[in-house]
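**Student:** Can you keep this structure in mind? I'll have questions shortly.
The values are calculated or read from the model by the stated rules, or taken from the named source; none is laboratory data. On a predicted model such as this, the values are computed, not experimentally measured, just so you know. Note that each Cβ is placed from the backbone with ideal geometry, even for glycine, and that neighbours are counted across all protein chains shown.
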Amino acid sequence: MVEAYKRAAQVVPSERQLNWQKLEFYAFCHFGMNTFTGKEWGDGKASPELFNPTDFDAEQWAKAIKDGGMSAMILTCKHHDGFCLWPSAYTDYSVKASPFKNGNGDVVKEVSDACRKYGLKFGIYLSPWDRHEESYGKGEEYNEYYKNQLRELLTNYGDIFCIWLDGACGEGKNGKVQEYDWPGYYKVMRELQPNATINVCGPDVRWVGNEAGVGRESEWSVVPSYYSINEFTAENSQKEDNKKFRKSHSRMIMDMGSRKVIADADELIWYPSEVDVSIRPGWFFHESENYKQKSLKKLMKIYLSSVGNNSTLLLNIPPDKTGKIYETDVLLLDSFRRTLKRRFPNDLLKNAKVTASSNSENAKNIISSDDTLFWQADEKDEKPEIVFEFPEKTEFDALVLQENIATGQQIEKFSVYIEQFGTWRKISKKTVIGYKKIITFKRPKKTKKIKIRIDSYRVKCTLNRVEAHKSE
Ligand code: FUL
């Protein structure tokens, strides 16, 4: 059999995975019965009478998220308590039975419309675990219920970019056991929304493995196929409502794709990672957490750890009881967008001269903003090098590197050098790149030339883009 790393080099993303990856940073909105009961995990017994946002404004959410620099939003259409934010024909436990708009409201409709108006993609979260629905635990009967709800959500609300399937279940040993018909669910999804990625308990996007906002330094998008088994995801997901769980990443598997890990794997798949984390301690809004939002510094750390490490960032901003995103959260999002802009203000390599140790004539593709253009080293080039020369000595304190993932992920190790006093000085040594790798430096580096050396790669070596920035 061909060595695993050579097989890994051939694995490429599907078009839907590629489009999803480019979204980079998008929002989660946890909103529902828990918003009104103050819980994180509702038991499905709360009266629909309690759901009553008095000043509901989906456009305010969409605007805040757009202004926060995000590209999409995923709404919890049904959380574990089973309460539906749309008037589902298959249950009475929904907005239909609530005082919200006298039972004539449809949160999913208003939010999906608002997303489209503000140029955000819209995605749905439909919890498989349902603590209200009577058929839960009765096998096929619940599976039919779940599929019917999927059909409603995937038919009536326009294009859906992502379907997020939570692995959490708190039934415990003596609770109800429901065998989910995953293949049946996926069939409905692919039929009705073929472009949507199915995340977490699904084949397209992998949960990073914690809710604390921590990504892996060496994040491989090519991993053994056993990591896409839903039981594996569920095993590591929440099994009880637990604050500590949201803060810890101690159980995360750190290496999912090195040569050593994939060596004995039969099948390798493209299964990229997503980091989901809340801007507040809880996933739902709680008044008591109004002063406990993450700081700008912490948000930047999370961004660098996720987007900067070949993951995407799914940041949760939970709307409050009035049906709006809380004012200080809106301000925080806006400040964060501005902070990002100041951290990565302007690509300094735009006007650099680029040469490479092989196929140098294509090296300028690396600084082109056209993302269909890329550079690939000659396969005989064992230690490819790319040199960027600024028109004059320039200061930078961040580098953004991108592999051309449309043709796979292959870079295993690389080093960065700057020219100083006529010699090359190494300033950084890293492992993988993938869709995006961000390297930041505490102190700015001043130089006329930057060199990137690929120390190890799997069969092919490509770069789609490299940028250098100096924070303001
Ligand atoms: C977890 C759930 O149990 C939380 O309530 C939340 O929805 C989070 C995104 O996923 O597994």
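**Student:** Of all residues in the range 415-451 being outside any strand (DSSP E or B) and surrounded by 17 or more Cβ atoms within 10 Å (Cβ to Cβ), which is farthest from the chain's Cα centre (by Cα)?
**Tutor:** Step by step, filter the range 415-451, then rank; the result is THR431.
**Student:** Next up: Assess whether ALA72 counts as being within 20 Å of ASP334 (Cβ to Cβ), buried (at least 19 other Cβ atoms within 10 Å of the Cβ) and in contact with an Asp or Glu (Cβ under 6 Å, 6 or more places away or on another chain).
**Tutor:** Answer is no for this residue.
**Student:** Scan the range 25-36 and tell me whether some residue there is crowded, with 17+ Cβ neighbours inside 10 Å, at pLDDT 95 or above and farther than 30 Å from SER335 by Cβ.
**Tutor:** yes
**Student:** Follow-up question, since we're still on this one. Please work out if ILE454 is crowded, with 20+ Cβ neighbours inside 10 Å, over 29 Å from the mean Cα position of the chain (by Cα) and modelled with pLDDT of 95 or more.
**Tutor:** No, not satisfied.
**Student:** May I pose another question? With the structure loaded, tell me whether THR339 is closer than 30 Å to SER288 by Cα and over 23 Å from the mean Cα position of the chain (by Cα) or whether it fails that test.
**Tutor:** no
**Student:** Here are some conditions: (1) buried (at least 18 other Cβ atoms within 10 Å of the Cβ); (2) within 14 Å of the ligand (Cβ to nearest atom); (3) of a type in the set (Asp, Glu). ASP204 meets all but one. Which one does it not meet?
**Tutor:** The one condition ASP204 does not meet is (2).
**Student:** Something else now. List every residue pair whose Cβ atoms lie under 8 Å apart, where the two residues are 6 or more positions apart in sequence or sit on different chains, the first residue falls within the range 317-331 and is on the phi > 0 side of the Ramachandran plot, and the second residue, located anywhere, is among the acidic types (Asp, Glu).
**Tutor:** Within 8 Å, the pairs are GLY323/ASP55; GLY323/ASP57.
**Student:** Within the range 208-243, how many residues are outside any helix (DSSP H, G or I) and closer than 24 Å to LYS430 by Cβ?
**Tutor:** Residues that pass the stated criteria total 16.
**Student:** Anything in the range 310-364 that is buried (at least 19 other Cβ atoms within 10 Å of the Cβ) and either within 16 Å of the ligand (Cβ to nearest atom) or among the β-branched types (Val, Ile, Thr) (or both)? List them, or say none.
**Tutor:** SER311, THR312, LEU313, LEU314, LEU315, ASN316, ILE317, PRO318, PRO319, ILE325, VAL330, VAL354
**Student:** Scanning for something within 24 Å of SER71 (Cα to Cα) and of a type in the set (D, E, K, R), does the range 166-184 turn up at least one residue?
**Tutor:** yes
**Student:** Residues to consider are PHE284, PHE245; find the one that is at pLDDT 95 or above, crowded, with 16+ Cβ neighbours inside 10 Å and not small (Gly, Ala, Ser).
**Tutor:** Matching residue, one of PHE284, PHE245: PHE284.
**Student:** Give just the number: which of (1) loosely packed, with under 14 Cβ neighbours inside 10 Å; (2) over 24 Å from LEU331 (Cα atoms); (3) not hydroxyl-bearing (Ser, Thr, Tyr) does LYS292 not satisfy?
**Tutor:** For LYS292, the failing item is (2).
**Student:** Considering only the range 66-175, give the strands (runs of 3 or more DSSP E) lying wholly within it that have at least 1 residues that are away from the ligand (no atom under 16 Å from the Cβ).
**Tutor:** 121-126
**Student:** Give the residues of the range 23-49 that are more than 16 Å from the ligand (Cβ to nearest atom) and touching a residue at least 24 places away in the same chain (Cβ under 8 Å), sorted by residue number.
**Tutor:** Correct list: LEU23, GLU24, PHE25, LYS45, PRO48, GLU49.
**Student:** Further question: Starting from residues that are within 21 Å of the chain's Cα centre (by Cα) and within 20 Å of ASN290 (Cβ to Cβ), keep the ones in the range 37-66 and report whichever is surrounded by the fewest Cβ atoms within 10 Å (Cβ to Cβ).
**Tutor:** ALA64
**Student:** While we're here: Does LYS6 fit the bill of being among the charged types (D, E, K, R) and assigned to a helix (DSSP H, G or I)?
**Tutor:** Against the criterion (among the charged types (D, E, K, R) and assigned to a helix (DSSP H, G or I)), LYS6 qualifies.
**Student:** Right, something else. Mind telling me which of the residues SER94, SER98 ends up being touching a Ser or Thr at 6+ places or on another chain (Cβ under 6 Å), farther than 27 Å from TRP207 by Cα and surrounded by 21 or more Cβ atoms within 10 Å (Cβ to Cβ)?
**Tutor:** SER94
**Student:** Another question, if that's okay. Examine the range 137-155 for a residue that is closer than 17 Å to ILE74 by Cβ, β-branched (Val, Ile, Thr), out of contact with any Asp or Glu (no Cβ under 8 Å at 6 or more places or on another chain) and at pLDDT 95 or above, and state whether such a residue exists.
**Tutor:** Looking for residues that are closer than 17 Å to ILE74 by Cβ, β-branched (Val, Ile, Thr), out of contact with any Asp or Glu (no Cβ under 8 Å at 6 or more places or on another chain) and at pLDDT 95 or above, one finds none in the range 137-155, hence no.
**Student:** Scanning for something farther than 30 Å from LEU315 by Cβ, assigned to a loop (DSSP other than H, G, I, E, B), within 32 Å of the chain's Cα centre (by Cα) and modelled with pLDDT under 95, does the range 365-377 turn up at least one residue?
**Tutor:** Within the range 365-377, none of the residues are farther than 30 Å from LEU315 by Cβ, assigned to a loop (DSSP other than H, G, I, E, B), within 32 Å of the chain's Cα centre (by Cα) and modelled with pLDDT under 95.
**Student:** Here's another thing I want to ask about it. Quick check on my filter: what residues within the range 8-30 are in contact with a Ser or Thr (Cβ under 7 Å, 6 or more places away or on another chain) and either basic (Lys, Arg) or under 14 Å from HIS80 (Cβ atoms) (or both)?
**Tutor:** ARG16, HIS30
Rundown of residues vs (1) more than 17 Å from the chain's Cα centre (by Cα); (2) part of a helix (DSSP H, G or I); (3) within 12 Å of the ligand (Cβ to nearest atom), yes/no style:
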residue	(1), (2), (3)
PHE245	yes, yes, yes
ILE253	yes, no, no
ASP264	yes, no, no
ASP276	no, no, yes
